[in-house]
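Colleague: Take this structure, written in structure tokens, and hold onto it; I'll ask about it next.
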Amino acid sequence: MLRPASCAPYREAQPRGLRPPQLNGSVTHLVQPRFHIRHRGGPHAQTTTPVDGVPREARAMSAADRFELISDGLAAGVRATDALIGLVLLGSASAAGVGRRDEWSDHDFFAIAAPGRGDDARASLDWLPDQERVLLTAREGGLGFVALYDDGHVLEFAIAEPAELAESVAGDASVVVDADGVTAELIAAGQAAAETRDAFDPDNDVRLVLVKLLIGVGRVRRGEILNGGQFIRTWAANHLLRAIRGRFSGRAPETRDVIDPTRRFEADYPGWAAEIASALDAPAEQAAHRLFELTRRILEPDWDGFPTAAAEAVARRLGW
């Protein structure tokens with residue numbers, strides 16, 4: 001997917017901020033292996049009498065067809081909205097991501113606003129398809145939105161002008177609507193940025209694991225279970241995953257997510273992923289202790305750069 005630097009739901013979950021936002025029709029131009037430009041049309045979905053809150057047609061429709069219909073409806077809605085000039089389907093909603101799409105896949109996308117019309121575009125979501133089936137919408141940060149349909153399908157998206165996405169990075173993406181070529185250029189630049197930033201610094205990440213665990217356990221012992229748990233289960237765990245990817249990058253396939261190191265970690269490192277997941281299921285301090293032990297067992301052997309003295313200091317301070 002494409003992550004805007006200023007969109008709260010798509011930023012990484014770290015102390016400095018939260019993480020930032022078929023195939024009917026043909027691919028008319030292939031820019032790079034994971035970036036397709038597609039031109040599609042199609043009306044908004046029409047529904048009939050609901051049963052238990054879900055229209056009959058939706059009950060008979062396959063999940064794949066429903067997904068396609070929403071994609072078509074998004075394209076039609078963007079084309080019919082004056083303030084919008086582009087639509088980019090991201091992640092599993094893109095052409096490159098169709099193979100990993102499943103029942104839990106939502107629609108990640110960018111609706112690109114014309115320069116100077118971002119506020120106008122964000123003022124109304126009445127262009128989303130199947131308006132009568134939208135149960136809620138909500139804002140996430142300055143650019144981000146979510147929408148929930150009556151069948152549980154979720155849209156996660158950002159509405160932004162090209163200039164507002166200048167620092168964004170992109171993974172799998174399909175440009176569906178591009179009124180003036182700006183959208184394709186934006187995504188190409190975002191994918192190039194992702195490639196240059198797709199690097200890990202295990203030396204730094206493992207040090208952050210130790211510090212976040214120490215802070216987190218201290219907060220827990222102070223009685224701040226929720227905040228301390230966040231340090232342990234979110235920040236320390238995230239840095240541990242990054243450190244593992246950096247130290248053992250050869251074990252991950254080239255198709256791994258180049259933006260979010262936590263995505264599909266289970267497929268890339270199944271044994272360690274299971275142990276980390278099990279540790280995170282424990283109460284906060286026990287989870288921290290188990291993450292600490294895993295950090296040392298997985299990363300310390302045969303690594304001269306491991307901060308052994310610091311790890312031992314953390315263990316002494318916490319009575320481990």
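The values are calculated or read from the model by the stated rules, or taken from the named source; none is laboratory data. Remember, predicted model here, so these are calculated numbers, not experimental data. Every residue, glycine as well, gets a Cβ built from its backbone with ideal geometry; the counts of neighbours run over all protein chains shown. When the accessible area is computed, the model is the full protein with side chains, heavy atoms only, and any ligands, DNA or RNA have been set aside. Shrake-Rupley method; radii C 1.70, N 1.55, O 1.52, S 1.80 Å.
Colleague: Of the residues that sit in segment 214-229 and are farther than 18 Å from residue 294 by Cα, part of a helix (DSSP H, G or I) and of a type outside the set (A, V, I, L, M), which one is most open to solvent (accessible area, probe 1.4 Å)?
Modeller: Selected residue: 222.
Colleague: Quick one: residue 235 ticks every box in (1) hydrophobic (A, V, I, L, M, F, W, C); (2) at pLDDT below 95; (3) touching a strand residue (DSSP E or B) at 6+ places or on another chain (Cβ under 9 Å) except a single one, so which number is it?
Modeller: (2)
Colleague: I need every pair where a residue in segment 194-214 that is closer than 15 Å to residue 309 by Cβ and modelled with pLDDT of 95 or more has its Cβ under 8 Å from the Cβ of a residue that is open to solvent by 30 Å² or more (accessible area, probe 1.4 Å) and of a type in the set (A, V, I, L, M, F, W, C), sequence separation at least 6 or different chains.
Modeller: Matching pairs, first to second residue: 207/310; 210/310.
Colleague: So how many residues does segment 156-171 have that are assigned to a loop (DSSP other than H, G, I, E, B) and either open to solvent by less than 10 Å² (accessible area, probe 1.4 Å) or touching a helix residue (DSSP H, G or I) at 6+ places or on another chain (Cβ under 6 Å) (or both)?
Modeller: Going residue by residue through segment 156-171, those that are assigned to a loop (DSSP other than H, G, I, E, B) are 161, 166-168, 171.
If we keep only those that are either open to solvent by less than 10 Å² (accessible area, probe 1.4 Å) or touching a helix residue (DSSP H, G or I) at 6+ places or on another chain (Cβ under 6 Å) (or both) too, we end up with 161, 168, 171.
Looking only at that region, the number is 3.
Colleague: Do you know which residues across segment 138-164 are in contact with a strand residue (DSSP E or B) (Cβ under 7 Å, 6 or more places away or on another chain) and closer than 13 Å to residue 86 by Cβ? If you could, list the steps in order and put the result at the bottom.
Modeller: To start, the set of residues in segment 138-164 that are in contact with a strand residue (DSSP E or B) (Cβ under 7 Å, 6 or more places away or on another chain) comprises 138-140, 143-151, 154-162.
Within segment 138-164, 157, 158, 159, 160, 161, 162 meet the criteria.
Colleague: Ok, one more. Scan segment 269-303 for residues that are of a type in the set (D, E, K, R) and in a loop (DSSP other than H, G, I, E, B) and report the count.
Modeller: So in segment 269-303, the residues of a type in the set (D, E, K, R) come out as 275, 281, 285, 290, 293, 296-297, 300, 302.
Subsequent filtering for residues that are in a loop (DSSP other than H, G, I, E, B) retains 281, 300, 302.
Here the count works out to 3.
Colleague: A further question on this structure: Of (1) of a type outside the set (A, V, I, L, M, F, W, C); (2) open to solvent by less than 50 Å² (accessible area, probe 1.4 Å); (3) not in a helix (DSSP H, G or I), residue 263 satisfies all except one. Which?
Modeller: (2)
Colleague: Could you list, in sequence order, all residues of segment 75-124 that are open to solvent by less than 10 Å² (accessible area, probe 1.4 Å), part of a loop (DSSP other than H, G, I, E, B) and not hydrophobic (A, V, I, L, M, F, W, C)? Break it down into steps so the answer makes sense when it comes.
Modeller: Kept after step one, since they are open to solvent by less than 10 Å² (accessible area, probe 1.4 Å), are these residues of segment 75-124: 75, 77-78, 83, 86-91, 93-94, 97, 107, 109-113, 118, 121.
Filter once more, keeping what is part of a loop (DSSP other than H, G, I, E, B): 83, 94, 97.
Within segment 75-124, 94, 97 meet the criteria.
Colleague: Assess whether residue 116 counts as being at positive phi, in contact with an Asp or Glu (Cβ under 8 Å, 6 or more places away or on another chain) and of a type in the set (Gly, Ala, Ser). Working first, answer last.
Modeller: On the way: at positive phi: yes; in contact with an Asp or Glu (Cβ under 8 Å, 6 or more places away or on another chain): yes; of a type in the set (Gly, Ala, Ser): yes.
For residue 116, the condition - at positive phi, in contact with an Asp or Glu (Cβ under 8 Å, 6 or more places away or on another chain) and of a type in the set (Gly, Ala, Ser) - is met.
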